[in-house]
């Protein structure tokens, strides 16, 4: 399948709906990698400001606790001699923290010790999301408010109910109060989800953060957003299940892509277009990008600049690489990702089928000197009358079957060639032929897949939606209408109304006559999801064809 711009984001998760596990450790030193061990666990689990539980235990490190650590924490060798060892404590802690967001003050220290201990015990580390209150405080508070972001300083600033004292549970309790205080500071700034908090901890220039107001008017709905520049020119187009949340994130997270950071600085306004569904938003994005060709979009800008492989309709048919599909009765496969890939596929086909490779026009009665390929037996040589039309068209028929049906003959020929080259230790040459046949199979499979929809005059399909059903109308591989059917309405009446408002689409002559290949493939991916129901019309995913051979011939760079 053709890659698409991966810009859809899940809805942000409100902080009030999440469980946080605030953890603090005491250790024998500053580095687990250098042999320091955990001596105490302290953790508090909270949700919506309410404490759900606490976890506290000393840990026997099986080594002497240095004197300076005892002075700092008050934990002595005598205190831990009967304590459980890390092999007993860590699984219990992981069970306690399961499903929660891990929070720590200076998280790399605490989480680093936990991960090191898990590796030593051969315990798979859960994929916790981690929040660092030290980093968050540094982003929120100014030097005028606090001289530093030590836990003791922040606890005093926010009047925490527990004073940190280098004992794990007390420090974890103090961190809970600091976390809630920092969340309260973020509330007026519109930061209310974990995703926004996580991105807020990134380094963002003040100028970039100040422009966040550009997104405040956008709706919290699926749709498309367009960043516009000083002359109202479109700079960038994206999609999201929540336009407002996604657009706001551009002003709160540090973009590693310098072009995107530059785009945000240039942007003067953001336009939002609400859509009935995520699928409609994806399609609108593709169409808008193709129309505006925004300078900051890398993908989908040139959906029309693709290559096709054409079997011509001439007296003596031949293969040709073309940029567009015409209504000329010829057979086409593609699109390829570029002319080079298409020419590689042609090379594989010419090695298997002895049709002409010259580009001159030939009549059935042409009499010209044969070329070198004819003399070598690689062409039936219709140019000098050596080939009968019956023999030539039998060869063309085999080629056509390979292109639009079963490629078994091509695969057998190229596989034998690859095996011969490999036996001679000519591995690079064998790989080149693998890539050529892979290019062909990829394009042929795309064509066969596209025809599943482009030859269907009308298809109504539905997917579950929180408010009922999202329904889409596809006509000849193009999205013609989209809507959400509420629960309790008369289905037939609602569907008839949607159909009456749907775009009229003319059928065509090729695999993508009514839309771009990217749009049709977007619809196909949606249809492949679990839970899709066909409301009207019929559609069937093809089981045979070129796609089943692709795993054995995967050229570099092809998906």
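The figures follow:
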| quantity | calculated |
| --- | --- |
| Members of the range 165-202 found to be under 24 Å from residue 27 (Cβ atoms) and assigned to a helix (DSSP H, G or I), listed by number | 168, 169, 170, 171, 172, 173, 174, 175, 176, 177, 178, 179 |
| Lone unmet requirement of (1) in contact with a strand residue (DSSP E or B) (Cβ under 8 Å, 6 or more places away or on another chain); (2) not in a helix (DSSP H, G or I) for residue 406 | (1) |
| Residue tally, condition surrounded by 15 or more Cβ atoms within 10 Å (Cβ to Cβ) and not in a helix (DSSP H, G or I), over the range 134-164 | 8 |
| Selection from the range 391-440 of residues that are touching a helix residue (DSSP H, G or I) at 6+ places or on another chain (Cβ under 8 Å) and within 14 Å of residue 319 (Cβ to Cβ) | 392, 398, 399, 402, 403, 404, 410, 436, 439, 440 |
| Counted residues, the range 320-329 - those being closer than 20 Å to residue 521 by Cα and free of Cβ contacts under 8 Å to residues at least 24 places away in the same chain | 2 |
| Entirely in the range 228-345, the strands (runs of 3 or more DSSP E) that have 3 or more residues that are surrounded by fewer than 19 Cβ atoms within 10 Å (Cβ to Cβ) | 269-274, 319-322 |
| Residue within the range 81-103 that is under 25 Å from residue 191 (Cβ atoms), free of Cβ contacts under 8 Å to residues at least 40 places away in the same chain and surrounded by fewer than 17 Cβ atoms within 10 Å (Cβ to Cβ) present | no |
| Checklist (1) under 35 Å from the mean Cα position of the chain (by Cα); (2) modelled with pLDDT of 95 or more; (3) crowded, with 18+ Cβ neighbours inside 10 Å applied to residue 169, failing item | (1) |
| One residue from 179, 169 being over 21 Å from residue 86 (Cβ atoms) and in contact (Cβ under 8 Å) with a residue 24 or more places away in the chain | 179 |
| Those residues of the range 330-366 which are under 18 Å from residue 402 (Cα atoms) and either free of Cβ contacts under 8 Å to residues at least 24 places away in the same chain or not assigned by TED's automatic domain parsing to the domain that holds residue 434 (or both), in sequence order | 330, 343 |
| Selection status of residue 40, exposed (fewer than 13 other Cβ atoms within 10 Å of the Cβ), in the same structural domain as residue 183 (by TED's automatic domain parsing) and either modelled with pLDDT of 95 or more or closer than 30 Å to residue 246 by Cβ (or both) | no |
| Filter pass, residue 472 being in contact (Cβ under 8 Å) with a residue 40 or more places away in the chain, under 19 Å from residue 222 (Cβ atoms), under 24 Å from the mean Cα position of the chain (by Cα) and surrounded by 13 or more Cβ atoms within 10 Å (Cβ to Cβ) | yes |
| Selection count, the range 54-74, where residues are in contact with a helix residue (DSSP H, G or I) (Cβ under 7 Å, 6 or more places away or on another chain) and either under 25 Å from residue 14 (Cα atoms) or in contact (Cβ under 8 Å) with a residue 40 or more places away in the chain (or both) | 3 |
| Some residue of the range 530-548 being surrounded by 12 or more Cβ atoms within 10 Å (Cβ to Cβ), touching a strand residue (DSSP E or B) at 6+ places or on another chain (Cβ under 6 Å), assigned to a helix (DSSP H, G or I) and in contact (Cβ under 8 Å) with a residue 12 or more places away in the chain | no |
| Considering residues of the range 431-445 that are within 25 Å of the chain's Cα centre (by Cα) and crowded, with 24+ Cβ neighbours inside 10 Å only, the residue farthest from residue 334 (Cα to Cα) | 438 |
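The values are calculated or read from the model by the stated rules, or taken from the named source; none is laboratory data. What you see is a predicted model, and the numbers here were worked out from it, not measured in a lab. For neighbour counting, all protein chains shown are included, and Cβ atoms are generated from backbone atoms with ideal geometry for every residue, glycine included.
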